[in-house]
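The values are calculated or read from the model by the stated rules, or taken from the named source; none is laboratory data. Quantities reported herein were computed from a predicted structural model and do not represent experimental measurements. Every residue, glycine among them, receives a Cβ derived from its backbone with ideal geometry; neighbour counts consider all protein chains shown. For the accessible areas, the whole protein counts, side chains as well, though only heavy atoms, and no ligand, DNA or RNA atoms are used. Shrake-Rupley method; radii C 1.70, N 1.55, O 1.52, S 1.80 Å.
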Amino acid sequence: MTADTDAEEVTVRVIEIHPDRTQTTEKQVVMPVRDHAVEWKDSGCLLAMVLERHGKNGNIGYGFITGSCLKTGTVATTYFHDHHNLFVAGDDPEDMLFAVRRIQTLQGGFLTVKNKKVLAELALPVCGILSERGIQDTALDLKAVRESLEELGYRHSSPVMSLGTLGLPVSPALKLTDKGLVDVKRSVIVPLIAGCMRLPGSRFSDVCCLKFAGFVFRLRCHEKTDPDT
């Protein structure tokens, strides 16, 4: 995860998951930057990606999740309303890649991974959302996936539905698609990085965080058009 800035820190938009609903909120988290790389692993957030899988454009949307979600491990699924692209989130990029490749082998589904080992999986090879197996076998696999999510720290009344709607861009407030983060209430795609620690006069828009005398001031700024002002 890179940041096109020389700043030491950036403020990042994060999808915050709640235990009793599928609606999320936007949480802004300050993360350090080193050599243009966002150091997210100690932020309390998991890296998340949505990969367009229908052969339309090859888009990849990036984001972070936190709250009542996984505390460790990786989850991947194509059961991801409404576009049903491939979603993956985790604390280890190598495990995330492993999970994506396993989903490809299954031709769609829902699975959890830890240390390059599949913990539980449900194959959904029909359009990435339907099983070809009987109801009992499908139910047992789904139960195993849910229990694995809970063992990895997911605390939700319906963890499968919670995960499956993190890309639903008609349900408030912040959701992730292959085009990036969607501010559902404003119906706009918003940048992952909301602001950064920069000196006054830097060129950027949206939210700026200015560090001064040990305090951090959050300012609403506009991009300068006249370099002499």
*asked:* Let me test this: with uniform point scatterers at the alpha carbons of the range 17-139, what is the Debye-based log₁₀ I(q)/I(0) at q = 0.10, 0.19 1/Å?
replied: -0.34, -1.13
_5 angstrom amide H check on residue 119, placed H, neighbours 5+ away_ = 112, 113, 114
*What are the ³J(HN,Hα) values, in whole Hz, obtained from phi via the Karplus relation 6.51 cos²θ - 1.76 cosθ + 1.60 with θ = phi - 60°, for each residue of the range 2-12 in sequence order, with x given for Gly and Pro?*
10, 10, 7, 7, 9, 5, 7, 9, 10, 9, 10
*Relative packing of peptides 49-61, 176-188, 76-88 - highest average C-beta neighbours within 10 Å first*: 76-88, 176-188, 49-61
*Please list the non-local residues whose amide H lies under 5 Å from the amide H of residue 38, H modeled 1.01 Å from N, same-chain partners needing a gap of 5 or more.*
2, 3
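Of 65, 193, 135, which has the most accessible area with a 1.4 Å probe, and how do the rest follow in descending order? List each step's numbers first, then the result.
Working: 65 5, 193 55, 135 155 Å².
Heavy-atom accessible area, descending, gives 135, 193, 65.
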*Remind me, relative contact order of the chain in percent, using alpha carbon pairs under 8 angstrom and six or more residues apart?*
20 percent
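Can you say what percent of the DSSP beta bridges in the chain, counting only those with both residues inside, are antiparallel? Round to 5.
Numbers: 54 of 58 bridges.
Taking every DSSP beta bridge within the chain, about 95 percent pair in antiparallel fashion.
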*In terms of Cα to Cα distance under 20 Å, which aspartates and glutamates are near enough to residue 175, apart from those fewer than 8 places away along the same chain?*
16, 20, 26, 52, 82, 91, 183, 206
*What residues qualify as long-range amide H neighbours of residue 92, i.e. H under 5 Å apart, gap of 5 or more or another chain, H built at 1.01 Å from N?*
none
*Which net charge results when you count Lys and Arg as +1 and Asp and Glu as -1 among the other residues whose beta-carbon is under 13 Å from that of residue 87?*
-1
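Determine the share of the chain's accessible area contributed by carbon and sulfur atoms, expressed in whole percent, with a 1.4 angstrom probe.
Numbers: 6340 of 12000 Å².
Here it works out to 53 percent.
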_Computed [θ] at 222 nm, helices only, for the chain once each DSSP H run of length n ≥ 4 contributes -39500 (n - 2.57)_ = -5000 deg cm²/dmol
*In sequence order, what are the phi-derived ³J(HN,Hα) couplings for the range 122-129 according to the Karplus relation 6.51 cos²θ - 1.76 cosθ + 1.60 with θ = phi - 60°, rounded to whole Hz, with x for glycine and proline?*
10, 6, 10, x, 8, 6, x, 9
_Please give me the summed charge of the neighbours of residue 2: other residues whose Cβ is under 14 Å from its Cβ, Lys and Arg +1, Asp and Glu -1._
-3
